[in-house]
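The values are calculated or read from the model by the stated rules, or taken from the named source; none is laboratory data. Predicted model, so just to flag it, every value in this text is computed and none were measured. Every residue, glycine as well, gets a Cβ built from its backbone with ideal geometry; the counts of neighbours run over all protein chains shown. Remember, those area values only see protein heavy atoms, side chains included, never the ligands or the DNA or RNA. Shrake-Rupley method; radii C 1.70, N 1.55, O 1.52, S 1.80 Å.
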Amino acid sequence: AGIAAALMITTGGIWGYGEYQGQNTVASTISLDVNPSIEIRVNKYEKVLEILALNDDAEVVLGDMDFKGSSLDVTINALIGSMLQNGYLDDMANSILLSVSGVDGYNAETLRSKLASDVNKQLKDCAVLSQDVSGADSETVKLAEKYDISVGKAALIRQIVSADARHSFEELAPLSINELNLLADGKSLGTIDSTGKASSKAYIGRDAALEAALKHASLSKNDVRNIDIELDYEYGSMVYEVEFEVGTTEYEYDINAATGEIVWYEKDSGGNIEQGGSAIDGKDSVGKGKAVQTALGHAGLTSSQVTQLEAKLDRDGGKLVYEIEFRSGNYEYEYEIDASSGSIIKSEKDLDD
């Protein structure tokens, strides 16, 4: 009887410790990103162990609510309700990112699918992005830490940059999930699941953007062909990229999506290029002549030693740059000069074969 009692005590102690570990060990981390960024850590029973506010907006959403010990479902419902109440989710910006990460083999994908379904039911007019980030690589984690964002948001930005090389991680990191979702429209985002459509109601719309470009060009819609309009991010703001043609002349415009201001335009008439816009007026402090001299100086050449010199003000990742090309001897040179600082972004020297 004594041995039996001792076995019962020992077994009970082991079970009790295991249960304690299960109750207090993180099994999964869930992040909710809108602009508020909130991280929820739960145990294997989906009970909340800890909630972290990753930015100031998240502090507003959390307020004085304490979710420790609450179920994950109740917690997410309450947090989304607070986002709606505080105006972070509305018909002007309706996108939310749900990211789930499992620990030690926890089935994060099943939880992601369940939570995405629940969030979609709660937010019927919103756009929901969801992903399993259990396998996030070290580079994604490092970028999240560097820019003080969630691993989920870092993973989304990397997918967008991978699909569109015009963008950089640095320029997209401050954007809201709705802005990122608009940029992701039509792009392949790997394993990220997407439902609903991101709202563009905060912007003037494609028709108004086209009207602004046509007015500047002194043209009507009937005058032009091959119209193409796309929402993008340039010069630190959302813009409508508007392109059209008249005869052999090509027009390209960047229209500020919120104000209708002409940020950039280019008129190319058979190689005769005219450029302008507020981005040029405000950010080109170098000038074409100085940019050319910078390139020639780096190459160790003078203007008399080069032929076929071309210099053009253009855009690269939201920056204004001078693209400069010339030849000397048997070599071709290509330079990209930052139009605001004069620094050399890129230089290439290739043998002309």
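Structure notes:
- Counting the residues of region 291-340 that are open to solvent by less than 20 Å² (accessible area, probe 1.4 Å), in a strand (DSSP E or B) and of a type in the set (Val, Ile, Thr) gives 3.
- Restricting region 66-82 to residues that are under 17 Å from Gln23 (Cα atoms) and in a loop (DSSP other than H, G, I, E, B), the residue that is most open to solvent (accessible area, probe 1.4 Å): Lys68
- In region 119-148, the residues that are without any contact (Cβ under 8 Å) to a residue 40 or more places away in the chain and of a type in the set (Gly, Ala, Ser): Ser134, Gly135, Ala136, Ser138, Ala144
- Taking first residues from region 84-95 that are charged (D, E, K, R) and partners that are open to solvent by less than 70 Å² (accessible area, probe 1.4 Å) and part of a loop (DSSP other than H, G, I, E, B), the Cβ contacts under 7 Å between residues at least 6 apart in sequence or on separate chains come to Asp91/Ser199.
- Leading residue by the ranking (nearest to Leu180 (Cα to Cα)) among those in region 85-115 that are hydrophobic (A, V, I, L, M, F, W, C), open to solvent by 10 Å² or more (accessible area, probe 1.4 Å) and under 22 Å from the mean Cα position of the chain (by Cα): Ala93
- Of the helices (runs of 4 or more DSSP H) entirely within region 127-204, those holding at least 2 residues that are among the aliphatic types (A, V, I, L, M), in contact with a helix residue (DSSP H, G or I) (Cβ under 9 Å, 6 or more places away or on another chain) and crowded, with 18+ Cβ neighbours inside 10 Å occupy 138-146, 151-163, 177-184.
- Matching entry among Glu245, Glu261, Glu274, Glu250 (being over 13 Å from Leu313 (Cα atoms) and touching a Lys or Arg at 6+ places or on another chain (Cβ under 6 Å)): Glu245
Here is a yes/no grid of residues against (1) assigned to a loop (DSSP other than H, G, I, E, B); (2) modelled with pLDDT of 95 or more; (3) buried (at least 19 other Cβ atoms within 10 Å of the Cβ):
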residue	(1), (2), (3)
Ala209	no, yes, yes
Leu214	no, yes, yes
Ile227	no, yes, no
Tyr233	no, no, yes
Phe244	no, yes, yes
Ile255	no, yes, yes
Trp264	no, no, yes
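- The numbered conditions (1) in contact with a helix residue (DSSP H, G or I) (Cβ under 7 Å, 6 or more places away or on another chain); (2) open to solvent by less than 80 Å² (accessible area, probe 1.4 Å) are all true for Gly276 except (1).
- Scanning region 272-305 for residues that are farther than 29 Å from Thr248 by Cβ and of a type in the set (A, V, I, L, M) yields Val286, Ala295, Leu296, Ala299, Leu301.
- Region 105-118 residues that are more than 19 Å from Lys47 (Cβ to Cβ) and at pLDDT below 95, paired with ones that are open to solvent by 60 Å² or more (accessible area, probe 1.4 Å) and assigned to a helix (DSSP H, G or I) (beta carbon under 7 Å, 6 or more apart): none
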